[in-house]
Amino acid sequence: MEVTFALQKLAAYKPRQSRKSKETFESGLALLEHGSYAKKGETGWDEVEKLALAALDQGNTEVADVRTFALSIYVTPPDAAVALYAPQRCLKILADKFPDSPRVDVLTGIRMEATERPEVVLRYYDELLEEDSSRAAIWRRKAHVLRQMGKIDKAVEELSAMLDTFYTEVEGWLELADIYLTCQQYTYALQSLSHALLLSPQNPSYFLQFAETAYLAEDIPLALKMFLQTVDMTDDDDGEMAPSDSIPSGITLRAWFGVKLLITEPRAASSSASQTSPPTTSNLSALDNLSTERLRTAYLDLKNESPPVAEGDLITALTALVK
């Protein structure tokens, strides 16, 4: 895994007890037990890192103390010891193989977040930043800890300082936008997202996020424009069939759903804080018909049954499907 991308993933890590994480944990234990990771080259070391994160996802925080692993083999059955102490074994293996690795430093911090007091973790991150202030991933982990502590102002301050230095950190702008969003500071969230769009103009998920945030900010013309931009980016003009004959799914379906919701808004033709021009009445009518047709097509494909006739019932039925 490319180092910069790996650090970005670690910087954005959040524990999640997903089915995939559980499968990674279970399959990784055999890899760890037999030591076969060393024979797989770079892929093997990546799998050790994934196992450490998957173990933390599954709540194996008891494995935090490296000193207890050596004792465990005498008091715990071998298979149970491998499972119980997997994360710390992974950290030890990676640290031995890659001393002074930025990835291991971040992974160590993530393990500490699961077992130590926030103040201890912050002190660890501060020490790393004092050694090298250019470590964006550490900066983001520090902001994450501050946010978990409820110190939102400090988290924003840390992220803003990082982004002043590392402007191209798209994930940092997205995280800053998410903080503002949870605080209902939608204008600031849109400003942060605009930087993400500038840095990654080909990513439709960012445009969708911008559109949904603009809706929350009650800038309906801007939200409609960005939903339509998302549709334009995700409809495959080079595919074997015309976009009008395709079946909307994923981001495209969510964007069309947003278009339909906005058109039914009494404010669809209202003024815009961003000074985005609202669509004309005739364009609104055409978009209404097109979005309805697109949603009916998607519903028929997803449910294998005729969609509700009433538009209100169609929107209600699709609400659960687009989440």
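The values are calculated or read from the model by the stated rules, or taken from the named source; none is laboratory data. Only a predicted model underlies this, so the values are computations on that prediction, with no experimental measurement involved. Here Cβ is always computed from backbone atoms with ideal geometry, including for glycine, and neighbour counts include all displayed protein chains. These area figures cover heavy atoms from the full protein model, side chains too; ligands, DNA and RNA do not enter into them. Shrake-Rupley method; radii C 1.70, N 1.55, O 1.52, S 1.80 Å.
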* To do: Please verify whether the range 146-155 includes one or more residues that are modelled with pLDDT of 95 or more, acidic (Asp, Glu) and not assigned by TED's automatic domain parsing to the domain that holds Cys90.
  => yes
* Asked: How about the range 99-110: which of its residues are assigned to a helix (DSSP H, G or I) and either over 20 Å from Glu49 (Cβ atoms) or free of Cβ contacts under 8 Å to residues at least 60 places away in the same chain (or both)?
  -> Val104, Asp105, Thr108, Gly109
* Asked: Looking at the range 130-165, which of its residues are of a type in the set (A, V, I, L, M, F, W, C) and part of a loop (DSSP other than H, G, I, E, B)?
  -> Met149
* Qualifying residue in the range 137-149 (condition: in contact (Cβ under 8 Å) with a residue 12 or more places away in the chain, out of contact with any strand residue (DSSP E or B) (no Cβ under 7 Å at 6 or more places or on another chain), farther than 30 Å from Tyr125 by Cβ and among the charged types (D, E, K, R)) -> no
* To do: For the range 291-318, name all the residues that are assigned to a helix (DSSP H, G or I) and open to solvent by less than 50 Å² (accessible area, probe 1.4 Å).
  => Ser291, Thr292, Arg294, Leu295, Thr297, Ala298, Tyr299, Gly312, Leu314, Ile315, Ala317, Leu318
* Structure fact -> Taking the range 176-219 and keeping only residues that are crowded, with 23+ Cβ neighbours inside 10 Å and at pLDDT below 95, one is left with Asp219
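From the list Glu23, Glu113, Glu62, Glu127, which residue is over 30 Å from Leu163 (Cα atoms), modelled with pLDDT of 75 or more, assigned to a helix (DSSP H, G or I) and under 28 Å from the mean Cα position of the chain (by Cα)? Quick ask: steps written out before the conclusion?
Working: Glu113 fails: over 30 Å from Leu163 (Cα atoms); Glu62 fails: modelled with pLDDT of 75 or more; Glu127 fails: over 30 Å from Leu163 (Cα atoms).
When all the criteria are applied, what remains is Glu23.
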* Structure fact -> Only unsatisfied item for Lys40, checking (1) open to solvent by 60 Å² or more (accessible area, probe 1.4 Å); (2) more than 20 Å from Lys97 (Cα to Cα); (3) at pLDDT 55 or above, is (2)
* Within the range 225-272, track down each residue that is at pLDDT 95 or above, open to solvent by less than 40 Å² (accessible area, probe 1.4 Å) and more than 12 Å from Ser291 (Cα to Cα). => Met226, Thr230
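Return yes or no: is Leu159 among the aliphatic types (A, V, I, L, M) and open to solvent by 10 Å² or more (accessible area, probe 1.4 Å)?
In short, no.
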